[in-house]
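Participant: Sharing a structure below in structure tokens format, with a few things to ask.
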Amino acid sequence: MTVTVVGAGPAGMAAARTAAEAGADVLLIDSGTKLGGQYHRQNSLYTGEKFALPANVTHLPDTAVWAVEPGPRLHLRTGPADGPGRTGRTIDADALVLATGAYDRALPFPGWDLPGVYTAGAAQAMAKGQRVAVGRRVLLSGTGPFLFPVAESLLGVGAEVLGVLEANHPVTGWLANPGGLLAGAAKAAELGRYLAVLARHRVPYRPRTTVLAAHGEHRVEAVTTARVDRDWRVVPGTEQRVECDAACVGFGFLPQLELAVAAGCALRDGFVDVDFTQRTSVPGVFAAGELTGIGGAVLSEDEGTVAGAAAAGAPVPRRALRGVRAGRRFAAALEAAYPIRSGWRDRLTGDTLVCRCEEVTYRALCDAVEKRDATGVRALKLVSRAGLGQCQGRICGRTVAELTGTETTAFSKRPIAAPVRLGELAEIPKEDKK
């Protein structure tokens with residue numbers, strides 16, 4: 001049999017390796033040029049491949065799965081996304097493991113559409129993949145431990161990191177769940193390394209602080225920061241103006257659900273619902289990694305190992321099962337320690353862009369609901385155009401849904417999951433039986 005794995009990050013590589021070692025032929029599909037995903041992103045300036053997989057794994061890089069039909073049948077396009085001559089292909093998978101990862105979550109604020117405002121993940125990708133710093137003087141803001149490796153990456157390419165602003169208070173959050181903290185004890189050394197890096201470069205770490213607005217005529221020239229309370233409401237009198245040429249924001253991650261939703265997988269609490277073998281509600285379809293919950297690379301690798309074994313029909317390794325249980329306890333504690341509080345909405349003005357692609361303001365979004373009775377994701381898109389731009393709601397969809405009371409995963413329902421040219425759609429694809 002052939003196990004098809006979509007995504008070559010920690011979960012996808014673990015699934016491919018485990019399925020291959022169990023005797024299955026594996027097709028590993030990924031949109032990147034090299035293995036590793038965001039977590040293990042490799043420097044694209046160097047040739048060669050850092051990771052090795054078993055010989056019976058066929059790696060298909062630079063390939064987008066743009067649609068999934070029942071079966072499951074996958075429609076692929078291989079080649080640079082912005083270049084002509086991509087080739088099409090359709091395959092029918094004996095077993096499918098979805099390990100598509102997650103997106104950065106960015107919350108809107110006045111000025112976040114200025115050039116020079118980046119998501120934390122984009123800044124890290126440029127630093128790790130291209131050795132490019134997004135600015136000379138960079139301020140990091142958001143919530144969650146991901147801000148630490150981003151700061152390290154920026155320092156590694158020569159940027160001056162002016163500070164790491166954490167909207168929550170991690171110590172208070174972790175102490176409220178000591179069991180979850182213990183489940184992630186193995187990460188203590190990693191955390192200590194990051195703190196040492198910040199200390200060595202004299203980068204201040206400020207809890208209960210965030211960016212309120214970005215300023216500049218043509219690009220970011222400064223930001224306003226402030227202390228916030230437990231609910232992220234501004235503490236009056238604490239506002240400060242900080243001169244910088246780049247601001248990076250990261251408020252956790254959202255699962256990349258398009259293919260799982262298209263395949264018909266049931267969701268629970270915004271993630272793909274799986275059993276203890278990572279099996280979804282669709283026969284023959286498994287899910288691993290951040291699709292099933294945000295818990296870090298180690299949990300993703302363990303889930304990938306379980307999914308790969310189950311997809312190949314092999315016994316599931318007990319060590320990996322134990323790792324998944326511990327990892328999910330840690331993930332639950334992580335979510336509790338770094339919640340998204342409602343006070344961020346206070347930063348929005350009527351002119352604040354909520355959907356940057358289609359330049360939809362907060363006022364226009366409110367008018368669509370209050371004056372034109374646009375309820376539900378389809379009506380919202382048609383009336384306001386939010387989510388109809390180039391990103392197709394990947395950046396703004398969750399925010400729009402929360403601001404309008406729409407179901408939070410509604411923007412993930414897209415029959416076409418990746419950009420495809422009309423000419424490519426008109427082609428008759430080559431079909432494989434895998």
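Participant: Quick check for me: using +1 on Lys/Arg Cβ and -1 on Asp/Glu Cβ, what's the dipole size of segment 300-434 about its Cα centre, in debye to the nearest 20? Mind showing how you got there, number by number?
Facilitator: Details: 24 positive and 17 negative charges, 90 e Å.
For this selection, approximately 440 debye.
Participant: Let me ask something additional. Quick one: which residues, 5+ away or cross-chain, put their amide H under 5 Å from the amide H of Thr277? H built at 1.01 Å from N.
Facilitator: Result for Thr277 returns nothing.
Participant: Taking Cα atoms, how many degrees apart are the long axis of helix 10-21 and the longest axis of the chain, rounded to 10 and kept between 0 and 90?
Facilitator: 10 degrees
Participant: If r is the Cβ-Cβ distance from Glu239 to Ala55 and R0 is 60 Å, what FRET efficiency results, to the nearest 0.05? Write out the running numbers ahead of the final one.
Facilitator: Details: r = 60 Å, r/R0 = 0.99.
Rounded to the nearest 0.05, the efficiency is 0.50.
Participant: May I pose another question? What distance in nm separates the simple spin-label points at Arg363 and Ala332, each placed 7 Å from Cα in the Cβ direction?
Facilitator: That separation, rounded to one decimal, is 4.6 nm.
Participant: Count the lysine pairs in the chain that are 8 or more places apart or on different chains: how many have C-alpha atoms under 29 angstrom apart?
Facilitator: Lysine pairs meeting the criterion: 17.
Participant: Could you tell me the accessible area of Phe146 in Å² (1.4 Å probe, neighbours in place), rounded to the nearest ten?
Facilitator: Roll a 1.4 Å probe over it and Phe146 shows about 50 Å².
Participant: Among Arg394, Arg318, Arg77, determine the one that fluctuates most according to a GNM of the chain built with springs between C-alpha atoms less than 10 Å apart.
Facilitator: Largest GNM mean-square fluctuation: Arg318.
Participant: A further question on this structure: Any idea what the dipole of the chain comes to, in debye rounded to 20, about its Cα centre with Lys/Arg Cβ at +1 and Asp/Glu Cβ at -1?
Facilitator: Working: 50 positive and 44 negative charges, 133 e Å.
Dipole of the chain, to the nearest 20 debye: 640 debye.
Participant: Can you tell me the 0 to 90 degree angle between the C-alpha axis of helix 120-130 and the longest principal axis of the chain, rounded to 10?
Facilitator: 60 degrees
Participant: Quick one: Karplus J couplings for segment 77-93, per residue in order, coefficients 6.51, -1.76, 1.60, θ = phi - 60°, nearest Hz, x for Gly and Pro?
Facilitator: 9, 10, x, x, 4, 9, x, x, x, 5, 9, x, 7, 10, 10, 9, 8
Participant: Using only the alpha-carbon atoms, how far is helix 188-200 inclined from the longest principal axis of the chain? Give it as 0 to 90 degrees, nearest 10.
Facilitator: Its long axis makes an angle of about 40 degrees.
Participant: Residue-wise, which Karplus ³J(HN,Hα) couplings in Hz belong to segment 273-288, taking 6.51 cos²θ - 1.76 cosθ + 1.60, θ = phi - 60°, and x for glycine or proline?
Facilitator: 7, 10, 8, 5, 9, 6, 7, 8, 6, 9, x, x, 10, 10, 9, 8
Participant: Which one, Val316, Ala336, Ala368, projects farthest toward the positive side of the charge dipole computed for segment 305-370 from Cβ point charges (K/R +1, D/E -1)?
Facilitator: Farthest towards the positive pole: Val316.
Participant: Given a 1.4 Å probe, how much area per residue of the chain is accessible, in Å²? Intermediate values should be presented prior to the final figure.
Facilitator: Working: 19530 Å² over 434 residues.
Value for the chain: 45 Å² per residue.
Participant: Starting from the amide H of His59, placed 1.01 Å from N in the peptide plane, find each other amide H under 5 Å away whose residue is 5 or more places distant or on another chain.
Facilitator: Leu28
Participant: Then there's this: In a shell of Cβ-Cβ distance under 12 Å around Ala11, excluding Ala11 itself, what net charge do Lys and Arg (+1) and Asp and Glu (-1) give?
Facilitator: Numbers: positive: Arg17; negative: Asp30, Glu290, Glu301, Asp302, Glu303.
Net local charge, Ala11 excluded: -4.
Participant: Using 1/(1 + (r/R0)^6) with R0 = 56 angstrom and r between the beta carbons of Arg131 and Ala379, what's the FRET efficiency to the nearest 0.05?
Facilitator: On the way: r = 45 Å, r/R0 = 0.81.
E(calc), rounded to 0.05, equals 0.80.
Participant: Oh, and also: For segment 222-328, what does the relative contact order come out to in percent, with C-alpha contacts under 8 Å and a separation of six or more? Don't jump to the answer; show the numbers that get you there.
Facilitator: Working: 136 pairs, mean separation 17.6, N = 107.
Rounded, it is 16 percent for segment 222-328.
Participant: Report relative contact order for segment 1-57 in percent, whole number only (criteria: Cα-Cα under 8 Å, sequence separation at least 6). Walk me through the numbers on the way to the answer.
Facilitator: Values: 87 pairs, mean separation 22.2, N = 57.
The normalised contact order for segment 1-57 reaches 39 percent.
Participant: Testing the spin-label approximation: label points 7 Å from Cα along Cα→Cβ at Arg206 and Phe276. State their distance in nm.
Facilitator: Simple spin-label model gives 4.8 nm for this pair.
Participant: Further, regarding this structure: Once you have the Cα-Cα distance between Leu45 and Ala176, take 0.36 nm times their residue separation minus that, and quote the gain in nm to one decimal. Provide the component values of the computation, followed by the final result.
Facilitator: Numbers: separation 131, 0.36 × 131 = 47.16 nm, distance 4.41 nm.
Stretched fully, the Leu45-Ala176 segment lengthens by 42.7 nm.
Participant: Which of the three applies to segment 298-434, rounded, prolate or oblate, going by the alpha-carbon gyration tensor with a ≥ b ≥ c and a/c under 1.5 meaning rounded?
Facilitator: Working: a/c = 3.28, a/b = 1.39, b/c = 2.36.
Here segment 298-434 falls in the oblate category.
Participant: Now a separate question. In percent, what relative contact order does the chain have, based on Cα pairs under 8 Å that are 6 or more apart in sequence? Mind dumping the intermediate values first?
Facilitator: Working: 976 pairs, mean separation 85.9, N = 434.
Reported as a whole number, the value is 20 percent.
Participant: Given +1 on the Cβ of Lys and Arg, -1 on the Cβ of Asp and Glu, and no further charges, what dipole in debye does segment 48-87 carry about its Cα centre, rounded to the nearest 20?
Facilitator: Using Cβ point charges on Lys, Arg, Asp and Glu, segment 48-87 gives about 60 debye.
Participant: Calculated FRET efficiency, Glu402 and Ala185, Cβ-Cβ r, R0 51 Å, to nearest 0.05?
Facilitator: On the way: r = 33 Å, r/R0 = 0.65.
With R0 = 51 Å, the Cβ-Cβ based efficiency is 0.95.
The values are calculated or read from the model by the stated rules, or taken from the named source; none is laboratory data. Just so it is clear, the model here is predicted, and its values are computed rather than measured. Every residue, glycine as well, gets a Cβ built from its backbone with ideal geometry; the counts of neighbours run over all protein chains shown. Note: accessible area is taken over every heavy atom of the protein model, side chains too, but ligands, DNA and RNA are not part of it. Shrake-Rupley method; radii C 1.70, N 1.55, O 1.52, S 1.80 Å.
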